[in-house]
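For reference, the structure discussed in these notes is given below.
The values are calculated or read from the model by the stated rules, or taken from the named source; none is laboratory data. All values derive from a computational prediction rather than experimental measurement. Positions of Cβ are generated from backbone atoms using ideal geometry, with glycine treated the same way; all protein chains shown enter the neighbour counts. Each accessible area value is taken on the protein alone, full model and side chains, heavy atoms only, with ligands, DNA and RNA left out. Shrake-Rupley method; radii C 1.70, N 1.55, O 1.52, S 1.80 Å.
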Amino acid sequence: LIDYLETRDDVDAKRIGLFGISKGGIETYLTAAVDPRVAAAVPCIGVESFRWADEHDSWHSRVGTFQAAFDAAAKDEGVANPGGDFVHQFYARVAPGLDGEFDGPAMVPLIAPRPLLSINGDSDPRTPIPGLNLCVVAAHEAYAAAGAADKFVLHLQPNTGHKVTPEGFAAAQAWFVQWLKP
């Protein structure tokens, strides 16, 4: 998509912002981490540590979003009661490294020093706060080291599960205006 956008006369390729929700939020931070053409990013309800969730029995809600595939894989492997270890095996099969070298705490810091606003709910079972905090600490360290501490913000939506509130959408819009406005 970015390759295509760069070919358009009506697009300023130096001001491409990326926004995604849930799985799209995961795709947003992964893309921004590896493609410097993303000038600013806003991943919503997707920044997390898959490894932390695997290791702390907090994977159920995320796996619930692809339950049929997970159950079929467990059946294929003869696993009657899949746990965190099987979740790791499943990720290794469908998205290798997602809970390893490509996990949130490893990837989110790679976006520095470009502007990054993470929008999460404070009670989202798919992005548990302890796993999110691992990403936030790693990002703060990377942004501070890059002299860009003001370019990383966590917008934690109060009393919010797995959704983006109107205030969250407004924060995302303001972020893009702040960092991408000509």
Over segment 30-99, with neighbouring protein chains present, the accessible area per residue in Å² at probe 1.4 Å is 47
Under 5 Å from the placed amide H of His155, counting only residues 5+ away or on other chains, we find Ser118, Ile119, Asn120
Largest fluctuation, Ala68, Ala171, Ala33 only, Gaussian network model of the chain with Cα springs under 10 angstrom, belongs to Ala68
Given (i) 56, 37, 32; (ii) 45, 29, 27; (iii) 48, 39, 27 as possible values of Cα extents along the principal axes in Å, the one from the coordinates is (i)
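Count charges around Gly46 for me, please; just the other residues with Cβ under 11 Å from its Cβ, Lys/Arg as +1, Asp/Glu as -1.
Residues near Gly46 contribute 0 overall.
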Karplus ³J(HN,Hα) for segment 119-135 (6.51 cos²θ - 1.76 cosθ + 1.60, θ = phi - 60°; Hz, whole; x = Gly/Pro) runs 10, 9, x, 6, 9, 8, x, 7, 10, x, 3, x, x, 4, 4, 4, 5
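Contact order normalised by length for segment 77-176, with contacts defined as Cα pairs under 8 Å and 6 or more residues apart; what percent is it?
About 30 percent, as a whole number.
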Here the net charge surrounding Trp175, from other residues whose Cβ is less than 15 Å away from its Cβ (Lys, Arg +1; Asp, Glu -1), is +2
Heavy-atom accessible area per residue of segment 120-159, all protein chains kept, 1.4 Å probe, expressed in Å², is 47
By the Cα gyration tensor axes a ≥ b ≥ c (a/c under 1.5 gives rounded; else a/b larger than b/c gives prolate, otherwise oblate), the shape of segment 128-182 is oblate
Listed by chain and number, the aspartates and glutamates with an alpha carbon less than 16 angstrom from that of Lys14, same-chain partners under 8 positions apart left out, are Asp3, Glu6, Asp35
Counting Lys and Arg as +1 and Asp and Glu as -1 over every other residue whose Cβ sits under 14 Å from the Cβ of Leu1, the net charge comes to -2
Excluding ligands, DNA and RNA, the carbon-plus-sulfur percentage of the accessible area of segment 12-161 with a 1.4 Å probe reads 56
Filtered hits (lysines, Cα-Cα < 30 Å from Lys75, offset >= 8 within chain) -> Lys23
Out of Pro115, Val38, Val177 - ranked by how far each Cα lies towards the positive end of the dipole of the chain, with unit charges on the beta-carbon of charged residues - the top one is Val177
Ignoring ligands and nucleic acids, Trp179 exposes an accessible area, probe 1.4 Å, in Å² to the nearest 10, of 70
